[in-house]
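None of the figures in this text is laboratory data; all of them are computed from the coordinates on show. Note that the structure is predicted; figures quoted are calculated from it, not measured. Backbone-built Cβ (ideal geometry, glycine too); neighbour counts: all protein chains shown.
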Amino acid sequence: MGSGPRSRRKTGRGRVAVSIALAVAAPVITFAAVLLVRVGAVSLGFGLDVLTLQVAQVAAFAALGFATISMAASVSQFQRLGWISLAVLVATALVAGAFRWQVAAQGIQAPLDVATDLSEPPAIAGSVGPAELCVGSAAVMTQVAPERATDALQAAGFSITESQLFRARGVREGFWFGMGHEAVIRIRPGRTDVRVVARYNRADGGETCRITRQILAGLQATS
């Protein structure tokens, strides 16, 4: 009796349920880690490196493993369990792939202090330097209007903390683990320079470079 059709369906549904639970657990652990870091309950290293990139990733790949087994076992009862098993398999593969991509991206070493003028970088208090260049991060060879500079900072997600005739400054706190940045735009006759400094000391997959290019794109689009 234990090996009858009803028992096999019950076992199949159990495997699907485990796959779904594990797939949900991975993003839940990640969001919990984000909140714990943001409220200061755990360090950035523990929340990101341990809870997210280790614990949550293990849950994601365990979900993929259960979903694969469930899909293989559902072939004989495809009309009842096959479609949901296939959907769960696709979903868990996407979640596991996202974690794998994030691990690879976090390992990319890129500058955390970026400036378009290395000989005389725009000043940012507390920056340890030295500033570096990123691919595609060149000065805007025109004197932009101050309001254009603040617009470019705001478009890149920065809150304006200083706006003067020849200088604009802003801060940006990233949602993911509060990994923030500070940016300064220096305006001179015939040239506008940008400097962006990460307020953390860890590989970020090139996030500081991307933010710098986004600000420069905003300046170039409105200059």
Residues M71, M141, sorted so that the one with the fewest Cβ neighbours within 10 Å comes first = M141, M71
inquiry  = Give me a comma-separated list of calculated 3J(HN,Hα) values for the stretch 27-36, in order, Karplus coefficients 6.51, -1.76, 1.60 applied at θ = phi - 60°, integers in Hz, x for any Gly or Pro.
reply    = x, 5, 4, 4, 5, 5, 5, 4, 5, 5
ask   = Expressed as an acute angle from 0 to 90° and rounded to the nearest 10, what is the orientation of the C-alpha long axis of helix 207-222 relative to the principal long axis of the chain?
value = 60 degrees
request  = Determine, for S119, S137, the number of other Cβ atoms within 10 Å of each Cβ, and report the residues in order from fewest to most.
outcome  = S119, S137
ask   = Based on the inverse mean of 1/r over its pairs of different Cα atoms, what is the Kirkwood hydrodynamic radius of the stretch 99-200, in Å?
value = 14.3 Å
inquiry  = What do you get for the angle between helix 83-106 and the principal long axis of the chain? Use alpha-carbon atoms, 0 to 90 degrees, nearest ten.
reply    = 30 degrees
query = Across every pair of different alpha-carbon atoms, what Kirkwood hydrodynamic radius in Å does the chain reach?
reply = 20.2 Å
